[in-house]
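Please treat every number below as a calculation from the coordinates, not as lab data. As the structure is a prediction and not an experimental result, all values here were calculated from the model. Positions of Cβ are backbone-derived with ideal geometry, glycine not excepted, and every protein chain shown enters the neighbour counts.
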Amino acid sequence: MPLRIDILTLFPAMVQAVLSESIPRIAAEKGAVEYHLANFRDFAEGVHQSVDDRPYGGGAGMVLMCRPIYMALRDVTARDQRSPHLVLLTPAGRRFNQDVARELAAKERLLFLCGRYEGFDERIRQGFAWDEISIGDYVLSGGELAALSVVDAVVRLLPGVLNKEASAEIESFALGRHGRLLEYPQYTRPVEFEGMRVPDVLLSGHHGEIEKWRVAQAVQRTRERRPDLLPPGGAERPKEGKD
Ligand code: SAM
């Protein structure tokens, strides 16, 4: 059964535009995932269908109201028998990374709630068992780009979405034999471009040597750029000789 992803947003067209391209689209076409978008403004009352109001106690900006979001969540949740893993996009959430992507890819159903304005009435947090997720220490105008980042990272991990060559297992942050490493440098044609040559080893056709070079490069790049990814004792050094 495909992973079901529900996205609650005030801007479904913005979300749809991204889901209709590239890997998110291919993932749906291959039957690995299905997307369902809902606009929680449709659940708001009154002629203006307001979803936001001024914060109690004063202060800048507007806050998303409880009622339309509670109504939308209950309605959308009931559209499928599987109870969703609820994801609230917020800068105050746990930091998104490849491990979290893998965790979410193992679920049967995900429901994302995209905030806007100054965020959520606290009772929206209190009323549901949210997995609060942040995509980084910066503030976006809304949760859509955050939800789409998470969705993109998740659906490419679903079985059958990527072909073997582009396998997610050999990308940056994948946990391999040598730990969690950034990806090694990649090259394609031509062999020489503006004085820069492809390293000879990659042209040698010697798979063992190529693999050794790639691991060494990945370790070096990780040590230089992201030493925090390496285990306390440093990465296991690639063995000399036959691999
Ligand atoms: N006033 C809020 C605060 O300081 O935490 C920020 C609100 S932000 C302008 C509007 C919405 O964008 C948030 O409710 C959240 O859904 C989303 N958002 C912004 N930055 C985000 C981030 N780094 N990660 C995940 N969602 C984010």
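General observations
- In sequence order, the range 178-192 has phi-based couplings of 9, x, 9, 10, 6, 6, 6, x, 10, 9, 9, 4, x, 5, 10 Hz under the Karplus curve 6.51 cos²θ - 1.76 cosθ + 1.60, θ = phi - 60°, and Gly or Pro positions carry x.
- Note on R82 and E108: the extension gain reaches 8.6 nm, defined as 0.36 nm multiplied by sequence separation minus the Cα-Cα distance.
- Residue-wise HN-Hα coupling along the range 113-121, computed from phi with Karplus coefficients 6.51, -1.76, 1.60 (Hz; x: Gly, Pro): 10, 9, x, 8, 6, 8, x, 9, 4
- Listed residues V215, V154, V33, most fluctuating in the chain (Gaussian network, C-alpha, under 10 Å): V215
- Percent of beta bridges antiparallel (DSSP, the chain, rounded to nearest 5): 20
- For K212, the aspartates and glutamates whose Cα comes closer than 13 Å to its Cα, not counting residues fewer than 8 places off in the same chain, are E236, E240, D243.
- With semi-axes defined as the square roots of five times the eigenvalues of the C-alpha gyration tensor, the equivalent ellipsoid of the range 3-155 measures 25, 17, 15 Å, largest first.
- Shown is the FRET efficiency for E171 and R123, computed with R0 = 41 Å from the Cβ-Cβ distance and rounded to the nearest 0.05: 0.55.
- Hz values of 3J(HN,Hα) by residue in the range 65-81 - Karplus curve (6.51, -1.76, 1.60), Gly and Pro given as x: 7, 5, 3, x, 6, 4, 4, 4, 4, 5, 5, 5, 4, 6, 6, 8, 5
- Taking amide H atoms as placed 1.01 Å from N in the peptide plane, the amide H of L3 lies under 5 Å from those of V33, E34, each 5 or more residues away in sequence or on another chain.
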